[in-house]
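Notes for the one structure printed next.
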Amino acid sequence: MVAAPSRVESLASSGIQSIPKEYVRPKEELTSIGNIFEEEKKHEGPQVPTIDLEDLVSEDKEARERCHEALKKAATEWGVMHLVNHGVPEELMDRVRVAGEGFFNQPVEEKEKYANDHDTGNSGKIQGYGSKLANNASGQLEWEDYFFHTVYPEDKKDMKIWPKNPTDYIPATSEYANHLRGLTTKVLSALSVCLGLEEDRLEKEVGGKDELVIQMKINYYPKCPQPELALGVEAHTDVSALTFILHNMVPGLQLFYEGKWVTAKCVPNSIIMHIGDTVEILSNGKYKSILHRGLVNKEKVRISWAAFCEPPKEKIILKPLPETVSETEPARYPPRTFSQHIEHKLFRKTQALNGA
């Protein structure tokens, strides 16, 4: 067996004062990396919108329409928002946080039992505990460890790799995934209506009740001795239909909005929601999948729980819906399966890294 790759957590707790060069971002990126706590305190400039979902399914037509309008504006202008009154019980969110933190608080050796990268290069196994392996083109690494697994539907869950400890991990995470599945339907219905479509249309287009999958990635960002040189996760857009993010109230998420990096505030009891590439494609770019990244800091560990709602990889062709295309707004995206879309993004990234 190949020796397990070094974990960022082990590196962070080894007492190093400076980070290895693989973690140092390119010069042109460094100018935009600031102190995340200072950034979060700023009140001037654009702020990520907060959307109250309480009236999303209200009996009161006007209240429902106001809620739809606010959601549409946020999805069109930003593609990311803090959701409040989202229907996921606060107590359940706390249980998910406690369980995830409990897993990461175990010794590294314990977590290694769930590792997905002992056989680097041959297993293609992505579920489990891991750290980003160097991309050959750049050799660049991110300051994070993670735990990745499919959490919905039941028949796609591989319970062998779910943590046995803490004991509440499986019940809390499963219940949370079921709540997120309901929230996905509510949000996709509203986004459909806002495009002038039947309310179940977007959900059908991403796999419907039977095929939509939710993958969860718990991101663990250890304290970093030189946070001004590193990133927890590099700039990217999500390939998903929607992404829901829970975090431990330590700031870190930044969005690239109108040419500048904007720091998301920590809003109590909220869930952050991103529009992913899949919904951007289906809406022909009317809804935005925003570029975002994660900063790290030297004072506090940050943990986030990202749940990616994804269509099946091969069964559905993603392309702009006919109702979103016109002579003045031709289709902006070619037809591709979800899996082809992911490959296309990787290909473009590799080209960019190779200077093509």
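Read-outs throughout are calculated quantities, based only on the coordinates presented, and are distinct from any laboratory measurement. Just so you know, these numbers come straight off a predicted model, no measurement behind them. Glycine gets a Cβ as well: all are built from the backbone with ideal geometry, and neighbour counts include every protein chain shown.
May I ask you to sort LEU188, LEU295 by Cβ crowding, counting other Cβ atoms within 10 Å and putting the fewest first?
Details: LEU188 24, LEU295 28.
Ordered by Cβ neighbours within 10 Å, fewest first: LEU188, LEU295.
Normalising by the residue count of segment 8-312, find the relative contact order in percent from Cα pairs under 8 Å and 6+ residues apart.
Numbers: 587 pairs, mean separation 77.2, N = 305.
Result for segment 8-312 is 25 percent.
Starting from the Cα of ARG348, step 7 Å along the direction of its Cβ; do the same at TYR333; then give the gap between the two resulting points in nm.
For the pair ARG348/TYR333, the computed spacing is 1.0 nm.
Only sites in a loop by DSSP and with at most 16 other Cβ atoms within 10 Å count here; which GluC sites (Glu not before Pro) in segment 161-230 make the cut? Each step should come with its number before you reach the end.
Numbers: sites: GLU175, GLU198, GLU199, GLU203, GLU205, GLU211, GLU228; in loops: GLU198, GLU199.
When the GluC sites (Glu not before Pro) of segment 161-230 are filtered for loop state and at most 16 Cβ neighbours within 10 Å, GLU198, GLU199 remain.
Once the Cα atoms of helix 90-104 and of the chain are each reduced to a long axis, what angle between those two axes, in degrees from 0 to 90 to the nearest 10, is obtained?
Between helix and principal axis, roughly 30 degrees.
Given the Cα-Cα distance of ARG64 and GLU299 and 0.36 nm per residue of separation, how much length would full extension add, in nm? Please list the in-between numbers first.
Working: separation 235, 0.36 × 235 = 84.60 nm, distance 4.23 nm.
Difference between extended and current length: 80.4 nm.
Where the eigenvalues come from the Cα gyration tensor of the chain, what are the semi-axes √(5λ) of the equivalent ellipsoid, largest first, in whole Å? Present the calculation step by step, with values, prior to reporting the outcome.
Working: eigenvalues 198, 106, 98 Å².
Semi-axes (√(5λ), whole Å): 31, 23, 22.
Using Cα centres only, tell me the gap between segment 129-193 and segment 211-258 in whole Å.
Using only Cα atoms, the two centres lie 13 Å from each other.
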